[in-house]
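Visitor: If you scroll down you'll find the structure; I have some questions about it.
Nothing in this text is a laboratory measurement; each read-out follows from the coordinates by a stated rule. Treat the numbers as computed from the prediction; the structure is a model and nothing was measured. Don't worry about glycine lacking a Cβ; one is built from the backbone with ideal geometry, like all the others, and counts go over all protein chains shown.
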Amino acid sequence: MKELEFAEFYRSSRDVCLRAVLAGVGERQLAEDLVAEAFTRAWAAWPKVARHPAPRAWVVRTALNTRVSWWRRRRREVALGEAHDVVEPPGGDSGVDPSLLALLRRLPRRQREVIAFRVFLDLDTEATAKALGIAPGTVTAHLSRAVATLRGHLVTPEARK
């Protein structure tokens, strides 16, 4: 029973979670690794995750937390400059427009996370706040700033008139 329930959850949620994590981290391969790790942890804790009010949010939050843990371990090993180019592997259709993905990479981390939960997972403000461990007003502020920034890059001057 547990195996079938989890298998169905994985089939129905993997792509949505991958797109949300991709929006949050901006790198396809990293997003795939993080989502795989998060689903592994979800399987290990499936009775708890299955009762969670938003299991997909649990997976995405776990993936994003895993990234922070990996980064903390690696920052002592590899020092990166302020800016570095991220190259998407060829043929890897992420389901996210490449130009939108490039713009999402420019957003601050917390704004990307809010976009991932509010837009890609379609969670409401309260659920997003709970998943990210921040206040609902903070979610609204980050979403507003992110949308304004994206709108500034995506909407042409003629369309603004």
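Visitor: Go ahead and collect, in residue order, the members of the range 101-131 whose backbone nitrogen is under 17 Å from a label point 7 Å along the Cα-Cβ direction of Gln29.
Guide: Once the point is set 7 Å along Cα→Cβ of Gln29, nothing inside the range 101-131 turns out to lie under 17 Å by backbone N.
Visitor: Hey, another quick one. Under a point spin-label approximation (7 Å from Cα along Cα-to-Cβ), what is the Thr140-Ala50 distance to one decimal in nm?
Guide: Inter-label distance under the simple model: 3.7 nm.
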